[in-house]
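Contents: one structure, followed by commentary.
The values are calculated or read from the model by the stated rules, or taken from the named source; none is laboratory data. Keep in mind that what you see is a predicted model, and the values were worked out from it rather than measured. Neighbour counts are summed over all protein chains in view; Cβ atoms, including those assigned to glycine, are modelled from backbone coordinates with ideal geometry.
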Amino acid sequence: MEAFFNWLNGIIWSNALIALCLGAGLWFTLRTRVMQVRGFAEMCRLTVTGQKSDAGVSSFQALAISMAGRMGIGNIAGVATAIAYGGPGAVFWMWVMGFLGASTSYIECTLAQIYKEKDAEGRYRGGPAYYIEKAMGLKWYAVTFAVATVIATGLLLPGVQANAIADSASTVLCGLGNCEVAGGAGALKLWIGLGVAALLALIIFGGIKRIATFAEIVVPFMALAFILMAVTVMIVNADKVPAMFSDIFSSAFGAHAAFGAILGQAIAWGVKRGIYANEAGQGTGPHAAAAAEVSHPAKQGYVQAFAIYFDTMLVCTSTAFLVLSTGMYNTFRTVTENGVQKLEAIVTGVPGLQPSEGALYTQAAVESVLPGGGAIFVAVALFFFAFTTIMAYYYMAETNLTYLAGVKKTHPLATLLLRLGIIGMVVFGAYHNAAMAWTLGDIGVGVMAWLNVIAILILQKPALIALRDYERQKKLGLDPTFDPDALGIRNADFWKTKA
């Protein structure tokens, strides 16, 4: 079974998907006239303004929910894994994906706002399934995305986050001598999984309002604390920072003697983990974006473009600098001996660790500077990163379940089964094999990315029209409002009836 999933993951994450995501980001950057640079000040302004309502949340709350989804273990464990497979050069390609992904995020999140609607309970709902049906008119395509997202975010992806929480926490607790008390490392991971599942139940049974409130409090705090830790470690290792930057840029283009042979891996893993971490094009961010109360769809497009910058350029980069400046990383290349592929170490900064154990690299990096406290700090940070991501995954799965229900209220049994399913996968993922958890998560991300990127390449025009309309009204000194009929945008029914 494991061999089958690895084969399927290789098909989904072929070079074609890497090229599609990079190409889409470059195309949208050109089509928006590099809005992620021109509109940076506007992104920052809109992030802290806006209002909420009974039907929707504020722009900042929508940002916090989407950031909760983006800032998971991909930011801590995933970045270290990318370095393990692609070397320091993977960091550069992660930055490229972050820069280009900001424009991709603008397109998909603006589309989500344009084609959002109110569900049977009067709450804003939207996302790829909604804009695929309304703008493309392809119900089967929309249903395919919705089903794939319910499976991915409700079943596959939560296990990856829970697995990282359990691995990180058990490493710390076992180091303090608590393994035997719990009945061994395996039993300890199970208890950790049960604890995380119980806390998750308290949040998700409270609905979107409780999720939004929790996210807007926890997400900024955890991100800033992690960034400050990275800055502290870099100051302590200031003498190694110039060499770190040299390694990143030289190996990104194959010029580094040690890493030149894995240039392809650097590009592939940088892009792959960039997508996994910031989720641009994956189709997850639009769900939270649609819930925002705004006067013009482009407003939330700007805010969600800023989310990519914050996630990739600050949080992911913090992890990369932690690991690289301390030398606490391993890098491997794939070699074939007697027809069998295996990993061969190029750099061994932390002997014994495998690429899939990404969080342990970050723990080792902080521990090297703050002995006795570093591993605990990373474990706590990873818990909040991963837990808020699981929470956001539930919201995405629930939104697509609502879409599948149509005009009717989602059946209470279906909602209950979804909640129990995601809670069960948290417990299961907590003690399951880390490599398998990552493989299943990659499959979920990859399927969503394929479906969504193709859709937004076809549907980009309304988002581009909205951008031009927003910029025109801003030049006139107005607080932009949205009239889809005046702009020739059809099927944006919510905005026609909006008071």
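Cβ separations smaller than 7 Å between residues 6+ apart or across chains give the following pairs from segment 308-337 residues that are part of a strand (DSSP E or B) to residues that are at pLDDT 80 or above: ASN330/ALA84; THR331/ILE83; THR331/ALA84; THR331/GLY87; PHE332/ALA84; PHE332/TYR85. For PHE99, the test of being touching a Gly at 6+ places or on another chain (Cβ under 7 Å), under 30 Å from ILE346 (Cα atoms) and either β-branched (Val, Ile, Thr) or part of a helix (DSSP H, G or I) (or both) is failed.
This table checks each residue for (1) among the aliphatic types (A, V, I, L, M); (2) out of contact with any strand residue (DSSP E or B) (no Cβ under 9 Å at 6 or more places or on another chain); (3) outside any helix (DSSP H, G or I); (4) closer than 18 Å to GLN460 by Cα.
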residue: PHE4; (1), (2), (3), (4): no, yes, no, no
residue: TRP7; (1), (2), (3), (4): no, yes, no, no
residue: GLY10; (1), (2), (3), (4): no, yes, no, no
residue: ILE18; (1), (2), (3), (4): yes, yes, no, no
residue: GLY23; (1), (2), (3), (4): no, yes, no, yes
residue: LEU26; (1), (2), (3), (4): yes, yes, no, yes
residue: THR29; (1), (2), (3), (4): no, yes, no, yes
residue: VAL37; (1), (2), (3), (4): yes, yes, no, no
residue: GLU42; (1), (2), (3), (4): no, yes, no, no
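Taken over segment 331-372, residues that are exposed (fewer than 14 other Cβ atoms within 10 Å of the Cβ) and either of a type in the set (Phe, Trp, Tyr) or modelled with pLDDT of 75 or more (or both) amount to 5. Scanning segment 124-149 for residues that are part of a loop (DSSP other than H, G, I, E, B) and free of Cβ contacts under 8 Å to residues at least 12 places away in the same chain gives GLY137, LEU138. Restricting TYR141, TYR106 to residues that are more than 26 Å from ILE422 (Cβ to Cβ), out of contact with any strand residue (DSSP E or B) (no Cβ under 7 Å at 6 or more places or on another chain), of a type outside the set (Lys, Arg) and modelled with pLDDT of 90 or more narrows the list to TYR106. Close Cβ contacts (under 6 Å, 6 or more residues apart or on different chains) running from residues in segment 480-499 that are under 15 Å from TYR470 (Cβ atoms) to residues that are at pLDDT below 90 and not in a loop (DSSP other than H, G, I, E, B) comprise PHE482/TRP495; PRO484/TRP495. Yes or no: segment 387-397 includes at least one residue that is among the hydrophobic types (A, V, I, L, M, F, W, C), closer than 30 Å to ALA19 by Cβ and at pLDDT below 85. The answer is yes, given that some residue of segment 387-397 is among the hydrophobic types (A, V, I, L, M, F, W, C), closer than 30 Å to ALA19 by Cβ and at pLDDT below 85. The residues on offer are GLY488, GLY421, and the sole one that is surrounded by fewer than 20 Cβ atoms within 10 Å (Cβ to Cβ), out of contact with any strand residue (DSSP E or B) (no Cβ under 6 Å at 6 or more places or on another chain), at pLDDT 85 or above and assigned to a loop (DSSP other than H, G, I, E, B) is GLY488. Within segment 6-38, the set of residues being touching a Phe, Trp or Tyr at 6+ places or on another chain (Cβ under 9 Å), at pLDDT below 85 and among the hydroxyl-bearing types (Ser, Thr, Tyr) is empty. Taking residues in segment 70-91 that are over 18 Å from LEU314 (Cβ atoms) and surrounded by fewer than 24 Cβ atoms within 10 Å (Cβ to Cβ), and partners anywhere that are modelled with pLDDT of 85 or more and not aliphatic (A, V, I, L, M), not one pair has Cβ atoms closer than 6 Å while being at least 6 places apart or on different chains. Restricting attention to segment 119-145 and to residues that are buried (at least 16 other Cβ atoms within 10 Å of the Cβ), of a type in the set (Lys, Arg) and over 22 Å from the mean Cα position of the chain (by Cα), the residue that is nearest to ILE465 (Cα to Cα) turns out to be LYS134. In the set GLU121, GLU108, only one residue is assigned to a helix (DSSP H, G or I) and among the acidic types (Asp, Glu); that residue is GLU108. Selection of segment 6-26 for residues being under 20 Å from ALA148 (Cβ atoms) and not β-branched (Val, Ile, Thr) yields ASN6, TRP7, LEU8, ASN9, GLY10, TRP13, SER14, ALA16, LEU17, LEU20, CYS21, ALA24.
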